[in-house]
Amino acid sequence: MDSTARRRPANSVDAAEFRALCAAFARREVAPRWEQADRDRAFPRDFYRAAAGAGLVGVALPHSVGGADLGATEEAILLEETSKANPNLAVALLVQEVAGGLLAEFGEGELLDLARANIAGDCLLALAVTEPEAGNDVQNVKTLARRSGGDWLLSGMKSFITLGGDADVLVLLAQTDPAQGRRGMRFFAVDRNSPGLVASQIGTYVNRPAPTYRITLEDVRVPARRMIGAGFREIMAGFNRERIMVAARWLGHMQTALAWAVGYARTRRQFGRPIGANQSIAFSLAQAHADIEAVRHLTYHAAARWDAGVPLDRVILDVSTAKLLATQAVVRVTQTALHVGGGWGLTEELPAMRLAMDALVAPVTVGSWEIQLRAIARQIGLPCD
Ligand SMILES: Cc1cc2nc3c(=O)[nH]c(=O)nc-3n(C[C@H](O)[C@H](O)[C@H](O)COP(=O)(O)OP(=O)(O)OC[C@H]3O[C@@H](n4cnc5c(N)ncnc54)[C@H](O)[C@@H]3O)c2cc1C
């Protein structure tokens, strides 16, 4: 069987009801927590437990490990709705889905127990792929896994690992056989408190409620049963699914920025009338609405094709197009909101700057703009390297 063939979701739910559930969760559990977490640059662990308690961890994971076994469409709804309240706590849920998915889909024995514990709220996960010399170029991962008796010894460095210092277990990509290149890559489930593993926070202007970490590994011992049977092909398939969720994340964020800017443009008065009465302001917000609607259709179209089992080589065009336009639009829309805010938009008294800052990570992660453009160029028949 093609190892990237997709398991079809076993369950379906009423989309409107599921959206209402996610929106209520976002209002109840995301909105009250993110500001403090942003200030402290500290992930609120109780948020993860609350998400698990609400049945919103492992929404796309199989029933066999306690997941809800829903599709990419429902996962996208979760990301969109939670991101409306805050895109950074939302991304913590995405990390759980991606890392948990690797454990559940390609693991056995103890790895499945970890997936179960993750869904139950008892095992926070991080996904550790990026390295100082392997950003978009994932094939260049150098963290080495060498055999030592029945175990593996892992040495190397990871960078920008969301929740890397908070997680109980890191689902971490390493090279088991450098001579094999990307075919030698495997994921390992590594306990964060393993001797030889050190996590140090990287100060960023973005994602502060779900901070990123540098992880150094010096002869970190990992039992053979903690090796996950997923290699490079599965990584790339997983990235493509993740890109739909990233588009959904920014779709939610844009709606918050637009709602705020419209409200401000209706009430802020200059020259004796609301600033939104000026066509230049009104048109920029109308354009933002059009951007959002385009991204909504692209994102859910890609998710529906993913759920329908369209083969990876044909769904990539939908995925990359949605991801590219979502990540471009969120920068435009949040900059528009910031501009509508004028000088007050730059203060801590209004949310415009925070919304714009958060969006700055959109062009970069899970395949940058250029990587999406390269994928699209190849899909439309160009010999683009
Ligand atoms: C807040 C945050 C959270 C993150 N969370 C995680 C996480 O949880 N786990 C994880 O593994 N990683 C994570 N990352 C890493 C993220 O995925 C990488 O930052 C990303 O892959 C880009 O890598 P890089 O920063 O090394 O940029 P580089 O790859 O060095 O790219 C730099 C620039 O060069 C461009 N470029 C690169 N190659 C090409 C090319 N072939 N053609 C044209 N242009 C190119 C890029 O588009 C970009 O503009 C996170 C990053 C951030 C900032």
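The values are calculated or read from the model by the stated rules, or taken from the named source; none is laboratory data. These figures come from a predicted structure and were not determined experimentally. With ideal geometry, Cβ positions are generated from the backbone for all residues, glycine too; neighbour counts draw on all protein chains shown. Accessible surface is based on the protein model in full, side chains and every heavy atom, while ligands, DNA and RNA are left aside. Shrake-Rupley method; radii C 1.70, N 1.55, O 1.52, S 1.80 Å.
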Margin query: If you take every residue apart from Leu153 with its C-beta less than 11 Å away from the C-beta of Leu153, what net charge results, scoring Lys and Arg +1 and Asp and Glu -1?
Written below: 0
Margin query: If I compute solvent accessible area with a 1.4 Å probe over the protein chains, what percent of it on the chain is carbon and sulfur?
Written below: 54
Checklist line | Area projected by the alpha carbon convex hull of the chain, averaged over all directions, nm² | finding: 19.3
Notebook entry, point to check: Can you give the angle from 0 to 90° between the axis of helix 232-267 and the longest principal axis of the chain, with both taken from C-alpha atoms, to the nearest 10?
Noted result: 20
Notebook entry, point to check: When the Kirkwood radius is taken over all Cα pairs of the stretch 260-360, what Stokes-Einstein diffusion coefficient follows at 37 °C and 0.692 mPa s, in µm²/s?
Noted result: 218
Check: Mind checking which of Gly238, Gly67, Gly367 has the largest fluctuation in a GNM of the chain, springs on alpha carbons under 10 Å?
Finding: Gly238
Check: Using the alpha-carbon centroid of each, what span in Å lies between the stretch 40-110 and the stretch 302-328?
Finding: 20
Notebook entry, point to check: Angle between the Cα long axis of helix 279-307 and the longest principal axis of the chain, 0 to 90 degrees, nearest 10?
Noted result: 30
Next item on the list: Give me the distance between the Cα centres of the stretch 345-370 and the stretch 263-281, rounded to whole Å.
Entry: 24
Notebook entry, point to check: Using helices alone, what [θ] at 222 nm do you get for the chain, with -39,500 (n - 2.57) per DSSP H run of 4 or more residues, divided over all residues and rounded to the nearest 500?
Noted result: -16000 deg cm²/dmol
Check: Angle between the Cα long axis of helix 72-85 and the longest principal axis of the chain, 0 to 90 degrees, nearest 10?
Finding: 50
Next item on the list: Quote the relative contact order of the chain in percent (integer), defining contacts as alpha-carbon pairs under 8 Å separated by 6+ residues.
Entry: 16
Next item on the list: Report the calculated FRET efficiency for Arg266 and Arg41 (r = Cβ-Cβ distance, R0 = 22 Å), to the nearest 0.05.
Entry: 0.05
Checklist line | Residue-level accessible surface for Met353, protein heavy atoms, 1.4 Å, Å² | finding: 70
Item checked: Under 5 Å, built H, 5+ apart or other chain: amide partners of Thr130 -> Ser159
Next item on the list: Give, as a single signed number, the net charge of other residues whose beta carbon lies under 13 Å from the beta carbon of Ser64, with Lys and Arg counted +1 and Asp and Glu -1.
Entry: -2
Check: With a sphere of radius 12 Å drawn around the Cβ of Gln379, what net charge do the other residues whose Cβ falls strictly inside it have (Lys, Arg +1; Asp, Glu -1)?
Finding: +1
Checklist line | D_trans [Stokes-Einstein, Kirkwood Rh over alpha-carbon pairs] for the stretch 21-110, 10 °C, 1.306 mPa s, µm² s⁻¹ | finding: 119
Notebook entry, point to check: Hey, which lysines would be in cross-link range of Lys142, C-alpha to C-alpha under 28 Å, not counting anything within fewer than 8 residues on its own chain?
Noted result: Lys158, Lys323
Checklist line | Residue-normalised accessible area of the stretch 15-124, expressed per residue, 1.4 Å probe, Å² | finding: 34
Checklist line | Surface accessible to a 1.4 Å probe, per residue, for the residues of the stretch 276-385, Å² | finding: 49
Notebook entry, point to check: In square angstrom, what is the accessible area per residue of the stretch 127-228 with a 1.4 angstrom probe?
Noted result: 44
Next item on the list: Would you mind checking the radius of gyration and Dmax of the stretch 155-300 based on alpha-carbon positions, in Å?
Entry: 22.6, 72
Notebook entry, point to check: Looking only at Val98, Val361, Val57, which one moves most when the chain is put into a Gaussian network model with springs between Cα atoms under 10 Å?
Noted result: Val361
Next item on the list: With springs connecting C-alpha atoms under 10 Å apart, model the chain as a Gaussian network and identify which of Ile161, Ile119, Ile202 has the largest mean-square fluctuation.
Entry: Ile202
